[in-house]
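Okay, structure first, notes after.
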Amino acid sequence: MCHLKLGLGGWAAWLVCLGFVVPASAQLSELKSALEKKGKDAERQKTEKKQDKSAGDKAPTGSPAASDSKAAVVFSKSPINPAKPKDLTTTFKTGEYIYGLIRVEKTWRALLRKGDKEAETVEVPLDMIIDDKTVGFQYITIKQREPIDSKILVLDIAPKPEEMTAYKDPAFTYAEGKGRRRIGPDDFTYELAKLEAGKHTVKFQVRSYGDVFAAGEFTIDGDKYKFYEELREKVLKEALAVDTMPKAGMTNKDLEAQMRKLLENAGWKNIERLVIYDKDWWLERVEGGDSPIKSRYVGAAAAAKADDGSYFWCKCTFQQIKQIDGSFGPLELEKVWPKRPILKENVNK
């Protein structure tokens with residue numbers, strides 16, 4: 001059992017007691033961020049497991065916690081100008097395009113990072129609820145200071161592909177959920193396409209640890225929901241045109257060469273590019289806490305040309321096992337994630 005005071009430096013000790021895996025060169029500020037992320041990940045996993053086990057249960061919902069009446073999710077049949085929203089509606093017919101805008105009372109930094117001025121990312125947790133059933137819960141990560149310090153978030157739901165902003169702005173990352181569908185028009189159009197003929201209520205809400213910071217709903221009616229299945233294919237094609245690999249977090253030519261060799265030994269051919277996206281190694285302990293280190297691992301992304309001439313990339317995890325003498329053993333390929341398509345011209349962007 002850990003006995004400690006959460007004074008100066010206590011964050012680091014507390015994190016060790018929790019058994020959280022931390023980078024080998026982590027500093028105190030990074031530990032604080034990691035701890036907050038651990039809590040969010042736990043909430044995310046808890047929510048997703050609950051959804052998996054209780055499909056069809058009434059969705060968690062509520063009124064916005066913010067007192068400002070402007071805190072809401074609003075909708076339109078055309079792209080919404082955040083500065084001057086107009087032509088807003090809460091009724092749609094099948095075959096119509098759908099655009100959204102999230103407005104909150106305080107900045108995203110204040111709401112979701114407790115005003116942390118050093119925070120470089122903010123994760124916005126979003127529910128999609130259809131007919132009182134949660135069909136999606138995932139995070140949109142804001143990665144640049146200006147949108148982090150704003151009170152709005154543009155939400156493409158079922159946009160015209162050429163008017164879509166989702167997946168195109170490097171300031172935002174859209175997390176994947178079930179079926180590796182990304183939150184945003186990829187997943188939203190998928191869910192709309194599954195609806196049966198008739199009238200349905202669709203709700204979106206920003207919800208974190210039980211607090212609802214913004215919510216809004218609309219109805220959609222008709223008998224041709226297949227329109228959204230066809231729209232999704234166009235959305236995915238539009239997204240593919242701008243999709244790139246993760247940015248490099250570490251540059252180590254010797255390590256990259258070892259990784260390439262391991263992938264080739266695993267059957268990879270025509271590797272075009274490999275980047276290490278983690279900034280440092282991560283340590284894995286036997287039982288968490290201050291137990292002995294079992295191994296260290298690092299994440300990379302590799303792109304290759306397929307036999308049919310198309311291109312793809314995957315996330316990969318490489319590890320080194322801790323040896324008896326305290327050193328780390330040879331590099332091993334630990335895991336390869338599913339393939340993602342990428343255009344040839346985007347491989348080196």
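The values are calculated or read from the model by the stated rules, or taken from the named source; none is laboratory data. If you're wondering where the values come from, they're calculated on a predicted model, not measured in any experiment. Neighbour counts are summed over all protein chains in view; Cβ atoms, including those assigned to glycine, are modelled from backbone coordinates with ideal geometry.
On the stretch given as segment 271-310, residues that are aromatic (Phe, Trp, Tyr) and within 16 Å of Val336 (Cβ to Cβ) total 2. Kindly establish whether Ile98 is under 18 Å from Ser208 (Cα atoms), out of contact with any Leu (no Cβ under 7 Å at 6 or more places or on another chain) and assigned by TED's automatic domain parsing to the domain that holds Leu231. The answer is no for Ile98. Can you find even one residue in segment 144-163 that is under 13 Å from the mean Cα position of the chain (by Cα) and either within 20 Å of Leu240 (Cβ to Cβ) or not basic (Lys, Arg) (or both)? Within segment 144-163, none of the residues are under 13 Å from the mean Cα position of the chain (by Cα) and either within 20 Å of Leu240 (Cβ to Cβ) or not basic (Lys, Arg) (or both).
Taken across segment 311-323, residues that are without any contact (Cβ under 8 Å) to a residue 40 or more places away in the chain, over 27 Å from Arg181 (Cα atoms) and either among the β-branched types (Val, Ile, Thr) or exposed (fewer than 13 other Cβ atoms within 10 Å of the Cβ) (or both) do occur, with at least one present. Looking only at segment 326-343, filter to residues that are of a type in the set (Lys, Arg) and without any contact (Cβ under 8 Å) to a residue 60 or more places away in the chain; which one of those is farthest from Glu176 (Cα to Cα)? Looking at the filtered set, the residue picked out is Lys335. Only one of the listed residues (Glu191, Glu256, Glu230) is acidic (Asp, Glu) and out of contact with any strand residue (DSSP E or B) (no Cβ under 7 Å at 6 or more places or on another chain). That residue is Glu230. Just one residue in the set Thr244, Thr189 is of a type in the set (Ser, Thr, Tyr), under 20 Å from Ile102 (Cβ atoms) and touching a residue at least 12 places away in the same chain (Cβ under 8 Å); that residue is Thr189. Against the list (1) under 23 Å from the mean Cα position of the chain (by Cα); (2) over 27 Å from Glu176 (Cα atoms), the condition Ser295 fails is (1).
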